[in-house]
There are 2 protein chains.
Amino acid sequence: MPFFAQLKRVLFGQPIATKQAHTERLPKRYGLAVFSSDALSSVAYATEEVQLILKLAGTIGAGIAYYNKLVPIVFVLGFLLVIIAISYYQTIHAYPEGGGSYSVSKSNLGHGLGRIAGAALLIDYILTVAVSVSAGVAALVSAVPAIHGYEIHVAVGAVVFITFLNLRGAKESGAIFAIPTYAFIVGTLTMGIYGFAMGVGKPPIPPPLVPMEEGYDIVMWFLLLKAFAASCTALTGIEAISNGVQAFKKPEAENASKTLIVMVVILFTMFFFVSWCAHHYGILPQEPGTPGYQTVMAQIAGAVFGANSFGFYFLQFSTVGILFLAANTAYADFPRLSSLLARDGILPRVLQSQGDRLVFNNGILVLTAAAILLILGFRADTHLLVPLYAIGVFTAFTLSQSGMVVRWLKLGRAWSLPFVLNLIGAIMTGIVSISIALTKFEDGAWVTIFALGGVYLMFHLINKHYKYLARELSIEPTDQIPQAETAVMLLVPRMHKGILQAIAYAQALSTDVRAMHVTLDQKSVGQIKKDWTTFGADIPLVILESPYRSLVDPILEYVDQAIEENPDLMVTVIVPQAMPKYPWHSLLHSNAATSIKRALGSRKNVVVTNVRYFLS
Amino acid sequence: MPFFAQLKRVLFGQPIATKQAHTERLPKRYGLAVFSSDALSSVAYATEEVQLILKLAGTIGAGIAYYNKLVPIVFVLGFLLVIIAISYYQTIHAYPEGGGSYSVSKSNLGHGLGRIAGAALLIDYILTVAVSVSAGVAALVSAVPAIHGYEIHVAVGAVVFITFLNLRGAKESGAIFAIPTYAFIVGTLTMGIYGFAMGVGKPPIPPPLVPMEEGYDIVMWFLLLKAFAASCTALTGIEAISNGVQAFKKPEAENASKTLIVMVVILFTMFFFVSWCAHHYGILPQEPGTPGYQTVMAQIAGAVFGANSFGFYFLQFSTVGILFLAANTAYADFPRLSSLLARDGILPRVLQSQGDRLVFNNGILVLTAAAILLILGFRADTHLLVPLYAIGVFTAFTLSQSGMVVRWLKLGRAWSLPFVLNLIGAIMTGIVSISIALTKFEDGAWVTIFALGGVYLMFHLINKHYKYLARELSIEPTDQIPQAETAVMLLVPRMHKGILQAIAYAQALSTDVRAMHVTLDQKSVGQIKKDWTTFGADIPLVILESPYRSLVDPILEYVDQAIEENPDLMVTVIVPQAMPKYPWHSLLHSNAATSIKRALGSRKNVVVTNVRYFLS
């Protein structure tokens, strides 16, 4: 086995046959772990993102009143969460075979809106990787301050490691997913409930807010709306269960929807307690990238469990674990969706095929490249990345709910309860989408909106090309195989052993064989003519003059002339090529074949073939 | 004409036919300008290099005595110059067809020493570019202090510009060379003689030497030898005339040798007056790279002509001009020598051929890459580069003179006057070579010595490969054209219009045609079978299962099996390939041909051919 093939086997393992494809079904407890890491891990940063906005309101003279809006916002979000959960509950039962936003939108709202949903999801998955890994690194730096200054390196390293695992195609093992997910749930709830129990009834500790001197003329409700928009990051990943219904044990829809309810309850509970503690203990977000930076979660853990306690480290490391797991889920979703979009002819077909380890290698590599670019561009800073994030998710939510609304209409169930619930969902998520777009536009949402437009345009252009290709290549039963006459032209730079096999091959291919010799050196003409009478096997030798010392131009001219004389002629140009034992030896050999191939590349009736002779 | 071809024409001009090759002969006055820029331009930095060493001696307690050795060293060098000039005078008459050090060494001393001379010259030409351009930039920064800090940029820019001119193949026009060369001679001699006339008889101005407190235990004669070794840079380039005898008007040897004598006289005169002025006006080298740095030449010009006078600027700009010209001469010499070495089978053959503008493009590009690497590595600092320089030149001198000695012996003229003169030359230059190697070893000569060994080893390995190739490929009149049976295997991913032409082509090539379909998707098998009965033209369709979803592996297996059954079989695998209108569309097409070609690359009896169909 060649070296690179061996290396590939060692790194990525033996190939897996198609029929060994993974069909294990998950019980609910593992299904929760597999599909909820993305949603639940949002708790690790959502509170901090809301507080970032409220801290601004608190410092510019509006006083503590706005700062106190954190817990109320959590309850508003809880209301939205219930609506979205009900909507997805319905989607799961309506599409038990798996109802991703793309499929639901496409089949109910048509190709155009389906593509927007597809574009929103692709961008969302890329951001899931970038945001989750960045937040994971922030959690890590809170526990291990020594890595301060290397945040970007660690984040990129983590993405590369996750990529490697996914290229190996590690099977989605419920057990492995279960550990960090349940550890995070246990750690967060313990911290939240313990902190609540200790703090409730006592007056809250006031935050160290320093109001600015001058009263800024700022629209406070805009800030509140913005804070609410920030809280919506807690809802990212909630749709994962509805995509993966078929991974659950039978009855799939039943089990999936029960898991959804459990997940939503856990999500809200964690978010509430974390936010309550943050507010009650007067904790404020710190400036990321400064030495000694700790996330809000880490500060709460320090306040509740004590700094450097077991509880503190347990929470931090399980947070890192679930966030990296969340990034990993995008590695299942992005390539699967890309493959679906490629099959629908709106992404390049190379994204459609699975590699020999049953994973979509190309999709994985595209995701990695995009995520690393984002991490580098935004310096692995969660605060900078989050404003880009929620907009894609909510666009997909809105389209998915709207698709469900249209579905009920088509089924003649207008104004039934499911219709009304989905309608409320669609309207609410639509309003939230617009709020996010408006309030976060300047902070980075514009990047996502432009990217959305760009990806949509790309879908359109790719689809146009494939349609054109299908038209061009479509075949009718009346189409005939064209008549072809062949002529073989054999390039003979000088006579040597390798040429003999090329002569044999040329003679076997056609009765019309001509040998071509380009005279780069007048002195060699006599020799080649003499050699050819000995070995030339009655093949006519054409001597081509090259006044400008080009090897390619005289061949081009001769071939063009032959085609002009007989337009039906298929010309095969045979270029003998020495194959050295070691690849680097090819630096010492002329590379005529490549340049001739390139030069003849645009001729329709010409095929350039290398006949190689191997050096022992 | 395609875009890149058009761009090439605009940048590099129309092709030049072989028969238009430049054959203009030069009169002596132009011959001096063309061949002496390298040697004469050394005056621009040689004095400074000697002073650098003497300054050190002056400061470490040995007092002014050693500093005063500058002019005596110039006279010792003058003696060496006369010996070398006489040697080359003899070489010119012995080899009127052009006696480069490589040819003279090879034909008299054998291949081994010839190769050492060749390696020394190649390295010398690269250093000529790096040193001359760096010294040119130092002269420029002395006149235009504003470019301080951009020395490396300007140097690299100059090399790129010279490269561009040489790729265009600007004819060596005597008139263009004449301007900066004669301007430099006039400027330098005016400055030197005027400075001498004003200063002679008056006591010299003492240099601002500050002796160090502690007396270092340094071997003073070693410093003196080192200073002398530094002065030898003044002799670089002196061999140019003997390489180019055939460029002179008839009688060539006569005219060339007269030009050599004139050049040597001018060189010594300039070097003497510049060094005398430097010493008499108490001028010392400054630290390069500091703001306000001026070369010793510029300081003399400032002292003699006055700062910012016309004379000052005239001298500085003509210095820049002759130094860049000197770099340019290496662009004629390096590619020409490379081509010679390639013809002798010790450098890759790609260096042998001339491009369509009659220049050796590949050699030019190798020289540019090496020179730029040197300039970047040594920060365009003449003082750092010069210690690398002279060793290669003197190695070539020594070998060339030794070759002449052996030649006289072979001609039976032992102890004749020419023999004795060349013997003295060989011994003297040999001693100087060793002196330079020893005194400058630490300062950088080791780089050159290792490079010399490396290039020599490269010559050896390349030659070994070509010899092996010649053995492998040598043909005997008894060699027979082998018998070849052909089978054509046509890859059919799905049925479309492009396949029809491929079918026609396959049928024209062979009577044994098989179609191969790899089932990546079980659903498509029925379709392809149905289509094949309609369009397949009685060609058998082989369905290849692919349990691991690989396109390549089943093809490999099938081809291997066919060859195993019939080892004489030449298999042609035809891969239909869509050729999109725009190259970037190929991202949207599968690239099966490339991976199949790579996979089958090591099979001896297999030819992989693309039959392309063009999208209109």
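All of the numbers you see were taken from the coordinates with simple rules; none came from a lab. From a predicted model like this one, the values you see are computed outputs, not experimental measurements. A quick note on method: Cβ atoms are made from the backbone with ideal geometry, for glycine too, and the neighbour counts reach across all protein chains shown.
Once the Cβ-Cβ distance between B:N68 and B:A307 is put in as r, and R0 is 35 Å, what FRET efficiency do you end up with, to the nearest 0.05?
Values: r = 26 Å, r/R0 = 0.75.
Efficiency for this residue pair is about 0.85.
Quickly work out the A:E557-to-A:T594 label distance, labels modelled 7 Å from Cα along the C-beta direction, and quote it in nm with one decimal.
2.6
Can you list, shortest first and in nm, the gaps between the label point of B:G292 and those of its counterparts in the other copies, using a point 7 Å from Cα in the C-beta direction?
Listed shortest first, these distances are 4.7 nm.
So for each of A:272-284, B:317-329 I average, over its residues, the number of other beta carbons within 10 Å; can you give me the resulting order with the highest mean first?
The densest-packed peptide leads the list: B:317-329, A:272-284.
Provide the FRET efficiency to the nearest 0.05 for the A:Q286-B:L587 pair, computing r from the beta carbons and using R0 = 45 Å.
Details: r = 45 Å, r/R0 = 0.99.
For R0 = 45 Å, the calculated efficiency reads 0.50.
Quick one: helix A:361-377 against the long Cα principal axis of chain A, what's the angle to the nearest 10°, folded into 0 to 90?
60
Label points 7 Å out from Cα along the Cβ direction at A:E254 and B:I179: separation in nm?
Taking the simple label geometry, A:E254 and B:I179 are separated by 9.6 nm.
Treating the beta-carbon of each Lys and Arg as +1 and of each Asp and Glu as -1, no other charges, what is the dipole magnitude of chain A about its Cα centre, to the nearest 20 debye?
On the way: 42 positive and 36 negative charges, 274 e Å.
That gives a dipole near 1320 debye.
How many nm is it between the label spots at B:E442 and B:V186, if each spot is 7 Å from the Cα in line with the beta carbon?
It works out to 4.6 nm between the two label points.
Summarise the partner chain shielding of A:501-509 as one whole number: the mean count of Cβ atoms from other chains within 10 Å of each residue's Cβ.
Working: counts 6, 3, 3, 9, 8, 2, 3, 9, 9.
Mean partner-chain Cβ count within 10 Å for A:501-509: 6.
What residues of the range B:361-388 lie in the reach of a label at B:F164, counting those whose backbone N is under 17 Å from a point 7 Å from the Cα along Cα→Cβ?
In the range B:361-388, the label zone of B:F164 (backbone N under 17 Å from the point 7 Å along Cα→Cβ) covers B:365, B:368-369, B:372.
Can you give the net charge of the other residues whose Cβ lies under 13 Å from the Cβ of B:F228, counting K and R as +1 and D and E as -1? Mind dumping the intermediate values first?
Numbers: positive: B:K69, B:K226, B:K440; negative: B:E49.
For residues surrounding B:F228, the net value is +2.
Ordered by packing density, taken as the mean number of other Cβ atoms within 10 Å over each peptide's residues, highest first, how do B:261-268, B:87-94, B:131-138 rank? Write down the numbers at each step before the final one.
Values: B:261-268: 18.4, B:87-94: 23.5, B:131-138: 30.5.
Going from most to least packed, we get B:131-138, B:87-94, B:261-268.
If r is the Cβ-Cβ distance from B:I434 to B:K28 and R0 is 41 Å, what FRET efficiency results, to the nearest 0.05?
Details: r = 36 Å, r/R0 = 0.87.
Rounded to the nearest 0.05, the efficiency is 0.70.
What shape does the range B:485-614 have by the C-alpha gyration tensor, where a ≥ b ≥ c are the square roots of the eigenvalues, rounded means a/c under 1.5, and otherwise prolate means a/b greater than b/c and oblate the rest?
rounded
Taking loop as defined by DSSP and a crowding limit of 15 other beta carbons within 10 Å, which trypsin sites (Lys or Arg not before Pro) in the range B:378-410 fit? Kindly include the intermediate steps, with their values, before the conclusion.
Numbers: sites: B:R379, B:R407, B:K410; in loops: B:R379.
Passing both the DSSP loop test and the Cβ count: B:R379.
Within 10 Å of each Cβ in A:517-523, how many Cβ atoms from other chains are there, averaged over the peptide?
Across the residues of A:517-523, the mean count of other-chain Cβ atoms within 10 Å is 1.
Output the 0 to 90 degree angle, nearest 10, between the alpha-carbon long axis of helix A:111-143 and the longest principal axis computed from the alpha carbons of chain A.
70
Would you mind putting B:390-396, B:102-108, B:68-74 in packing order, based on average other-beta-carbon counts within 10 Å, highest first?
Descending mean neighbour count gives B:390-396, B:102-108, B:68-74.
Between copies, how close do the B:K249 label points come, placed 7 Å along Cα→Cβ, listed in nm from shortest?
In ascending order, 10.6 nm.
Going by how many other beta carbons lie within 10 Å of each one, how would you line up B:H460, A:H589, fewest first?
B:H460, A:H589
Using the alpha-carbon centroid of each, what span in Å lies between the range B:139-163 and the range B:539-616?
What the calculation gives is 54 Å, centre to centre.
Partner chain Cβ atoms within 10 Å, averaged over the residues of A:342-354 - can you pull that number for me?
Per residue, the number of nearby Cβ atoms from other chains is 2 on average.
Going by how many other Cβ atoms sit within 10 Å of their own, how do B:S586, A:S433 line up, fewest first? Write out the running numbers ahead of the final one.
Details: B:S586 13, A:S433 23.
Listed from fewest to most nearby Cβ atoms, that is B:S586, A:S433.
Specify whether the C-alpha gyration tensor of the range B:107-157 places it in the rounded, prolate or oblate class, a ≥ b ≥ c being the square roots of the eigenvalues: rounded for a/c under 1.5, otherwise prolate if a/b is larger than b/c and oblate if not. Display every interim value, and only then the final one.
Numbers: a/c = 7.34, a/b = 4.24, b/c = 1.73.
Because a/c hits 1.5 or more and a/b exceeds b/c, the range B:107-157 counts as prolate.
At 7 angstrom along the Cα-to-beta-carbon line, where would the label on A:K604 sit relative to the other copies? Give the distances in nm, shortest first.
4.1
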